[in-house]
Structures are given as C-alpha cells and as structure tokens.
Amino acid sequence: MTYLLALDQGTSSSRAIVFDDEGQIVAMAQRELRQIFPQPGQVEHDAMEIWQGQLATAREALAKAGLHAADIKALGITNQRETTVLWNRKTGLPIHHALVWQDRRAEPTCAALREQGLTPLVQRKTGLVIDAYFSASKLKWLLDHVPGARAQAERGELAFGTIDCWLVWQLTNGAVHATDVSNASRTMLFNVRTSRWDEELLAALDIPPSVLPEVHPSSHQFGVVAAEHLGGEILIGGIAGDQQAALFGQACFKAGMAKNTYGTGCFMLMHSGGQFQNSANGLITTSAAQIGTTPEFALEGSVFIGGAVVQWLRDGLQAIKGSGEVQSLAESVPDAGGVMFVPAFTGLGAPYWRAEARGAIVGLTRGSTLAHIARAALESIAFQSAALLQAMSLDAVAGGGAAVSELRVDGGACVNNLLMQFQADLLGIPVVRPRVIETTALGAAYLAGLSCGVYRDLKELEGHWQAERVFRPTLPRERAQELMANWERAVRQACAT
C-alpha cells in the first residue's frame, strides 16, 4: 500500500491526515489553534505555535497509522490563505505574530490605493479587488510598524510567506523558501497572467522583492523534509491554498464545476479553465491549483464568517457548550421566526465587499428565543453562500458558460444536514456531499501524489470521487426568493450601522 501525508493548517486548527492511494483516510490528528485579538478588527496567530502544532499532529498521525517516514511517498501542504508571516532568515523566527486573513488593520493602506485609482490595475493583473483581506497590505503594515523591519528587509535579512511557505521553510530547516501559484495569487502582488511577482504592484506597496519566495506549480517537488522532524526524509510534493486544494480534492477539474467549503469562513469556487475572467458581480478571479505551468483559473467568492458564527454562539453568546449542539438547538424551532443574523464581525466579503459592515441580528420580537437566534445563525451561512452562487452563475453565463447546476460541498459544517438542506432549498439545485469530506487535505495529498507518480493523471483521480448524500431542493422558488430578499434587506441594515 502507498501512503500520502497531508498537512492541513487552517484558521482554527492544525491537522495532519494520512491517506492511502485510493484517497481513504488511514489516520488523523488535530490541534486547536489559539486566536489572538489585540484590538477590534485585528486577528493574529503565533506562527511558532502553528509550526510546532502542525509538526506535532504530523507525528501523531504517523504514530496512529503505525507508519514511519519511509512508508510515506510524499507530503502535501494546504493552508489558510492570505495569512502573513515575516521572519528572520538567519534565526528562522517571526518578527511579529502572523496577521490572519480576517485582520482588517491594513484597511487605510487599501483605501489609499483605491484613492490613487489603482483598482482597475490590481484587478487586471491579479484578478483581485483591493482589500485588506489579501497579504500585500498586511506585509506593508509589518514592514512599516515593526521597529527596524523595513531596514532589515532592505538588507535581505527577512523572508515573507503565507503559511505554506512558512511551514516549508521550517520543515526544510530553511533550505527552501517557496510557495505555489494558488497561494501567490492571494497576495495581491502576483500577476496571474504572467505567473510572476509584479514589479509595478511591488512598487505601489513599497515591498522589497528580496522578501518574496519562489513560485512553482501546485504539484511540484518543492524539497525534502529534514529527517529530524519526522524520523526520516519525506518529499514535499504538493502545495495549494486551502480553497484551491478543496476544489482539486472535489475533482472539480473542468470549467463550470463548483464547490463550497464550510469552514471558519465559506469559500465557493467555480473552475473556469484557462480563461481569465474578471467578475462583474463582486467575485474575484484566482489561480486554481496547477499540475503544470499552464495557468488555470477559478472564480471565487469568500464569506469571512461561516462556521465561526457557531463558535461565537458558543464562546461569545454562550448559547451552547459545544459546537455540536447547534443543530439540535436550531431544530427545536420550526424556523427562525423572522430573525435574520448577519455575522459581519469583520466586515462583509463577496459579493458585497463592505469593510464597514458589522454584525447584526434583526427581526427580533418578544417571542424570539436563543433557538431562533441559533437557527438564524446557521441559516446565515446558507444565505451568504446563496448570494455567492447567484453572482457566480451570472458571471458564468456572461462568460459564455452555463449557470452552476450542482454544488459540491465540504468542510466541517457540511455534516450539518439542516444547513445542507436549507442550502439546497435556497439555491434550487442539488447540493452534493462526498464520502470523504476532508477534501482540502485530500486535494493536497492528490497534488503530492501526482508529482511523484502515485497517480497517472486527473482522470484517475476523478474515479476516486464518490457522493455520500445528495440534498435536493424542496422549497418553492417563490419562497426561496422571498427569503433571499429578506436577507438582502438585513445586509443593508448591517451596512448602515
């Protein structure tokens, strides 16, 4: 039997999963990741905690599987994207906490770029909108605000990376400073048309090129894990940002195929093949995971707060003791009783892009209960995702394709049957849950397996994908449209606060 190891470094946890060559899970280990909130709108992670936790889960997963490094054909990495780490090349230590993708402190930089009229340039070169979500403004903030950082960077002493890049540096003991196209495309510094770091964008943000990693295809032999970490050398054969990895793990290899990942945030991607298409409906264009040098693209919509709304019910409102209790609490009422919950804790992402929006619960009456709020919180995940799919279908049709006809789903919250059924009802198309819902890690494993010959081609991988359950819409379209209109009204209220 051939085995692959995937490191899945997410926003709320670090995981390691051992897969066999048929894509079945052999063993898994997970550790929760501490969230740091210095001020409102700011979110940080301890990069050393990420590295040490991820290494510990890798060792634990191998031990659970009863395997050694020599049994692993290759290792793949998938990661929370946009989160920004800046570290000292000599010591290997970060000079500041990692700035998480949710962090909004660099919004003034983005506002200045917009005022300079750079929005069309950024969209044309990167496929992105100018937003503090992406890495570039976070990196500039670190260079400008950490004492001595800019001078160190100018001397070539600092290295920048997204989390994949940080892990590769640590795994190889500093021998490799590299990322893949899918992660590079999330920085707002990478020209996805030329597959190169863009000099004009670097100059606009005053970023020294010396801090940047090399960029390779997602399926590539990046380097070798130093033997001391996992008991032997292992090839690092694949890297992809978590959402592109999930698209790959869902076998969405062809234009028009779409998936939605329900994690801390929600991320919907539709493969658009080799066609670079700017969205007219608030979405972004991103590089899909690539197995070669030919560029491939996807349209993407990002919801900043998805499953994290359940964490807020648990930790903030203390309405539940554990996240697993939310479905039973929500099901204790027949509907949300007119309550709408817009979880814009850090602004609204696609298709709205309203940085100033804040969380709002509207439609409360004397009869509203915690159960109604819990149900509205769950439904907010589906409402935000439905808004994304509407925008995506409009762009697909405008580009000469067809509206999305099926949505493949994954991520932790997709196990919630109430949520998945409500999602299908809002969308009016089948929602398909696969047998292996760990598709983010699976995508990383597949990319690693392709680079070292475990798999022949994409056709072989398509044969591994299997559906576990199909949720079909049961709600009349008129009622679904009425609910979406109510949602849009609640969004306008959240943006007015």
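Given H placed 1.01 Å from N in the peptide plane, which residues other than close sequence neighbours of G223 have an amide H under 5 Å from its amide H?
I236
Direction-averaged shadow area of the convex hull around the Cα atoms of region 294-369, nm²?
Working: hull surface 29.8 nm².
Value for region 294-369: 7.5 nm².
Each label point is 7 Å from the Cα along the Cα-to-Cβ direction; what then is the distance between the points at R354 and R34, in nm?
The two pseudo-label positions are separated by 3.6 nm.
Checking the a/c ratio against 1.5 first, then a/b against b/c, what shape does the Cα gyration tensor give for region 330-436? Don't jump to the answer; show the numbers that get you there.
Working: a/c = 2.18, a/b = 1.38, b/c = 1.58.
Oblate is the answer for region 330-436, as a/c is 1.5 or above yet b/c matches or exceeds a/b.
Excluding residues fewer than 8 places away in the same chain, name every one of the lysines whose C-alpha is closer than 30 Å to that of K90.
Answer for K90, where 30 Å is the Cα cut-off: K138, K140, listed by chain and number.
FRET efficiency for L317 and T293, Cβ-Cβ distance as r, R0 = 51 Å, nearest 0.05? It would help to have the intermediate numbers written out before the result.
Values: r = 49 Å, r/R0 = 0.96.
For L317 and T293, the calculated efficiency is 0.55.
Give the separation of the Cα centroids, region 371-439 to region 1-52, in Å.
Cα centroid of region 371-439 versus Cα centroid of region 1-52: 24 Å apart.
With a 1.4 Å probe and all protein chains left in place, how much of the accessible area of region 229-387 comes from carbon and sulfur atoms, in whole percent?
Details: 2610 of 5030 Å².
Carbon and sulfur: 52 percent of the exposed surface of region 229-387.
At each listed q (0.09, 0.18, 0.21 Å⁻¹), what is the log10 of I(q)/I(0) that the Debye formula gives for region 1-112 modelled as equal alpha-carbon point scatterers?
The Debye formula, applied to the Cα set alone, gives -0.30, -0.90, -1.07.
What helices does the chain have that are whole DSSP H segments, at least 20 Å long along their own axis by Cα, and with mean Kyte-Doolittle hydropathy of -1.0 or more?
On the way: long enough: 47-65 (27 Å, 0.02); 370-398 (42 Å, 1.06); 477-495 (27 Å, -1.07).
Membrane-span-like by this criterion, though nothing is claimed about a membrane: 47-65, 370-398.
Suppose a student asked you for the relative contact order of the chain, using Cα pairs under 8 Å spaced at least 6 residues apart; what percent would you report? Write down the numbers at each step before the final one.
Working: 1168 pairs, mean separation 74.0, N = 497.
Contact order relative to length: 15 percent.
What FRET efficiency comes out for the pair R59/E488, r = Cβ-Cβ distance, R0 = 45 Å, nearest 0.05?
Details: r = 48 Å, r/R0 = 1.07.
The formula returns an efficiency of 0.40 here.
How much accessible area per residue does the chain have, in Å², with a 1.4 Å probe? Please report the intermediate quantities before stating the final value.
Numbers: 18050 Å² over 497 residues.
Result: 36 Å² of accessible area for each residue.
If you take the beta carbon distance between N173 and N417 as r and set R0 to 51 Å, what does 1/(1 + (r/R0)^6) give as a FRET efficiency, to the nearest 0.05?
0.65
Given H placed 1.01 Å from N in the peptide plane, which residues other than close sequence neighbours of Q275 have an amide H under 5 Å from its amide H?
Amide H neighbours of Q275, under 5 Å, 5+ apart: F297.
Give the long-range amide H neighbours of H96: residues separated by 5 or more places, or on another chain, with amide H under 5 Å away, using H modelled in the peptide plane at 1.01 Å from N.
Placed amide hydrogens put L86 under 5 Å from H96.
Straight-line reach from K254: which lysines have Cα under 27 Å away, leaving out those fewer than 8 places along the same chain?
Here the lysines satisfying the reach criterion relative to K254 are K125, K459.
For the pair S332/A70, report the inter-label distance in nm, with labels modelled 7 Å from Cα in the Cβ direction.
Spacing of the two 7 Å Cα→Cβ label points: 5.6 nm.
Please give the contour-minus-distance gain from E154 to E22: 0.36 nm per residue of separation, less the Cα-Cα distance, rounded to one decimal in nm. Kindly include the intermediate steps, with their values, before the conclusion.
Working: separation 132, 0.36 × 132 = 47.52 nm, distance 4.73 nm.
Contour length minus Cα-Cα distance gives 42.8 nm.
Rounded to the nearest 500 deg cm²/dmol, what is the calculated helix-only ellipticity per residue at 222 nm for the chain, with -39500 (n - 2.57) per DSSP H run of length n ≥ 4?
Working: 17 runs with 176 residues, N = 497.
Rounded to the nearest 500, it is -10500 deg cm²/dmol.
So what J values fall out for region 224-235 if you push phi through Karplus, 6.51 cos²θ - 1.76 cosθ + 1.60 with θ = phi - 60°, rounded to Hz, Gly and Pro as x?
10, 5, 4, 4, 5, 7, 10, x, x, 6, 9, 5
Give me the extension gain from T91 to T2: residue separation times 0.36 nm, minus the current Cα-Cα distance, reported in nm with one decimal. Write out the running numbers ahead of the final one.
Numbers: separation 89, 0.36 × 89 = 32.04 nm, distance 3.61 nm.
Result for the pair: 28.4 nm of gain on full extension.
Mind checking Rg over Rh on region 210-345, alpha carbons, Kirkwood formula for Rh? Let's see the in-between values first.
On the way: Rg = 19.8 Å, Rh = 18.1 Å.
Rounded to two decimals, Rg over Rh is 1.09.
For A496 and R472, compute 0.36 nm times the residue count separating them, minus their Cα-Cα distance, and round to one decimal in nm. Could the numbers behind the result be given before it?
Values: separation 24, 0.36 × 24 = 8.64 nm, distance 3.54 nm.
Going from the current span to full extension adds 5.1 nm.
For the modelled label position 7 Å from the Cα of E228 along Cα-to-Cβ, which residues of region 43-64 have backbone nitrogen atoms closer than 15 Å?
52
The values are calculated or read from the model by the stated rules, or taken from the named source; none is laboratory data. For clarity, every value in this text was computed on a predicted model and none was experimentally measured. All Cβ positions, glycine included, derive from the backbone under ideal geometry; neighbour counts span all protein chains shown. For accessibility, only protein heavy atoms count, side chains too; no ligands or nucleic acids. Shrake-Rupley method; radii C 1.70, N 1.55, O 1.52, S 1.80 Å.
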